[in-house]
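I have placed the structure first, in the form of structure tokens, so that the comments after it can refer back to it.
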Amino acid sequence: MSHWRSIIPGMDFADRFVTVADPLAAFEQTYFELGALAVLAASYPDLTAFSLAGWRFQDLQRHVTELLHEYAAVAEGVEYSPPIHVEWGLAMATAANRARTAFRRRGYVAERAPTPIGIQPGSVVVQHVVNELTVHCWDLATMMNRRNFFPDWLPERCQLSWQAFFDTYGRPAHNFDPEQPAPPDATPTTRLAAYLGRKIPDLPVVLIRPGETPEVRNLLYQKLGRVPRSRSPF
């Protein structure tokens, strides 16, 4: 099945918001990218110098950890308890594995249950986490002057999903700065980051390299992600 789906006015929220053909496959893309970045971060003796747009590296790790635990709890049907950790790199790995297990439960994607925005199918929860992780992987990678190796369709589909969310619920100013300009040769993930209000730094890693194609980027992902796609990176 193609990853490309039409966004048709008049469809209900879930149909407009879930823009990937296979939410679990999309989550796997973000899960492995997050794992590769965690491995890379662990090689740095000191992460305190890394920051981006007011976020410290450890603050972002904590935010991602809390996000994953929150929506794993939604999928499990249990009350969310904020995690208390000191080593946020390890905590993020624990949260990612919990969410992956919860989302992969048989039948969850189609199952309708309470969420922060009302009764929704599990596909909405998974899509939301994919949307969040895709841009936060850009944040983490850019802090380390690295690039993401997502297939182009993923950030492009995430941007359409965010648009559906903002069209329905508005764009909360306390969560998102206004859309920023992106360089004409920005990667799709960088364009997503700019759409969500990130000021794009003047770094080569946020741009498409001359002559680079999606096929080459996917091959680079396999080689530079450091993690075989058949097993957990954590």
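The values are calculated or read from the model by the stated rules, or taken from the named source; none is laboratory data. In this text the structure is predicted, and so the values were computed from the model without any measurement. All Cβ positions, glycine included, derive from the backbone under ideal geometry; neighbour counts span all protein chains shown.
Find the residue count for segment 152-168, including only residues that are touching a His at 6+ places or on another chain (Cβ under 7 Å) and surrounded by fewer than 19 Cβ atoms within 10 Å (Cβ to Cβ). Total satisfying the criteria: 1. When segment 169-203 is filtered for residues that are surrounded by 11 or more Cβ atoms within 10 Å (Cβ to Cβ), within 17 Å of the chain's Cα centre (by Cα) and either part of a loop (DSSP other than H, G, I, E, B) or modelled with pLDDT under 95 (or both), the ones remaining, listed by number, are PHE176, THR187, LEU196, GLY197, ARG198.
Scan segment 116-128 residue by residue and report those that are more than 20 Å from ASP22 (Cβ to Cβ) and either over 19 Å from the mean Cα position of the chain (by Cα) or surrounded by 13 or more Cβ atoms within 10 Å (Cβ to Cβ) (or both). The answer is ILE117, GLY118, ILE119. With respect to the stated conditions, ALA96 fails to be within 22 Å of PHE165 (Cα to Cα), buried (at least 23 other Cβ atoms within 10 Å of the Cβ) and small (Gly, Ala, Ser).
Restricting attention to segment 129-155 and to residues that are more than 9 Å from the chain's Cα centre (by Cα) and among the aromatic types (Phe, Trp, Tyr), the residue that is modelled with the lowest pLDDT turns out to be PHE149. Check whether at least one residue in segment 142-150 is surrounded by 18 or more Cβ atoms within 10 Å (Cβ to Cβ) and touching a strand residue (DSSP E or B) at 6+ places or on another chain (Cβ under 7 Å), and report yes or no. Yes, because at least one residue in segment 142-150 is surrounded by 18 or more Cβ atoms within 10 Å (Cβ to Cβ) and touching a strand residue (DSSP E or B) at 6+ places or on another chain (Cβ under 7 Å). Among the residues of segment 123-142, the one identified as aliphatic (A, V, I, L, M) and within 18 Å of GLN180 (Cα to Cα) is VAL135. Remark: ASN97 matches the filter, which requires a residue to be within 18 Å of the chain's Cα centre (by Cα) and over 15 Å from LEU196 (Cβ atoms). Of all residues in segment 25-60, those that are under 15 Å from the mean Cα position of the chain (by Cα) and crowded, with 17+ Cβ neighbours inside 10 Å total 13.
A residue that is modelled with pLDDT of 95 or more and aromatic (Phe, Trp, Tyr) occurs nowhere in segment 86-101.
Which members of segment 147-166 meet the condition of being touching a residue at least 40 places away in the same chain (Cβ under 8 Å) and closer than 24 Å to PRO204 by Cα? Result: ARG147, ASN148, PHE149, PHE150, PRO151, ASP152, TRP153, LEU154, ARG157, CYS158. The C-beta contact set for segment 170-183 (first residue touching a residue at least 24 places away in the same chain (Cβ under 8 Å) and farther than 11 Å from ARG198 by Cβ, second residue outside any loop (DSSP other than H, G, I, E, B) and of a type in the set (S, T, N, Q), distance under 8 angstrom, 6+ apart or interchain) comprises PRO183/THR190. Scanning segment 67-96 for residues that are assigned to a helix (DSSP H, G or I) and within 21 Å of THR115 (Cβ to Cβ) returns LEU67, LEU68, HIS69, GLU70, TYR71, ALA72, ALA73, VAL74, ALA75, GLU76, ALA95, ALA96.
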